[in-house]
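Nothing in this text is a laboratory measurement; each read-out follows from the coordinates by a stated rule. Every value quoted in this text rests on a predicted model; they were computed, and no experiment measured them. Positions of Cβ are generated from backbone atoms using ideal geometry, with glycine treated the same way; all protein chains shown enter the neighbour counts.
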Amino acid sequence: MSAKDFFHNAVRLALEKDGWLITDDPLRFIVDAIEFCLDLGAERLIAAEKEGEKIAVEIKSFLGKSAISEFHTALGQTLNYRYI
C-alpha cells in the first residue's frame with residue numbers, strides 16, 4: 001500500500017465536517033484485472049435530495065522536489081480514473 005499524502009487527514013476531516021461518510025480509506029477496485037487504489041471513498045449522510053451520491057477522492061500535495069513531475073503523475077492518474 002502506498003503512503004498517505006501529507007494532507008490526507010485534513011481532507012478526510014473536512015469531508016466529514018461537510019457531512020460525508022467515509023466508506024473506504026483507501027478505496028480499492030478492480031477493472032479489467034487491474035487494481036486501482038484511490039485515497040478515499042465517501043457518500044453523503046442523510047440528505048434526501050442527494051441520496052445515493054458517492055465520490056472518490058485522490059489527494060495530492062505536490063511537496064516533492066519537482067512540482068512538474070508530481071503534476072504529470074497526478075495528471076496521469078486523473079486520466080486513468082476518467083477512462084475507467
What's the magnitude of the charge dipole for the chain around its Cα centre, counting Lys and Arg as +1 and Asp and Glu as -1 at the beta-carbon? Answer in Debye, nearest 20.
260
Non-local amide H neighbours of LEU21 (under 5 Å, H modeled in plane, Pro and chain starts lacking H): which ones?
GLU43, ARG44, LEU45
If you consider only alpha-carbon coordinates, what radius of gyration and Dmax does region 8-83 have, in Å?
14.3, 45
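For the chain, what is the calculated [θ] at 222 nm in deg cm²/dmol (nearest 500), taking -39500 (n - 2.57) for each run of four or more DSSP H residues and dividing by its residue count?
Details: 2 runs with 27 residues, N = 84.
My calculation for the chain gives -10500 deg cm²/dmol from helical runs alone.
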How about LYS54: which lysines have a C-alpha closer than 23 Å to its C-alpha, ignoring those fewer than 8 places off in the same chain?
LYS4, LYS17
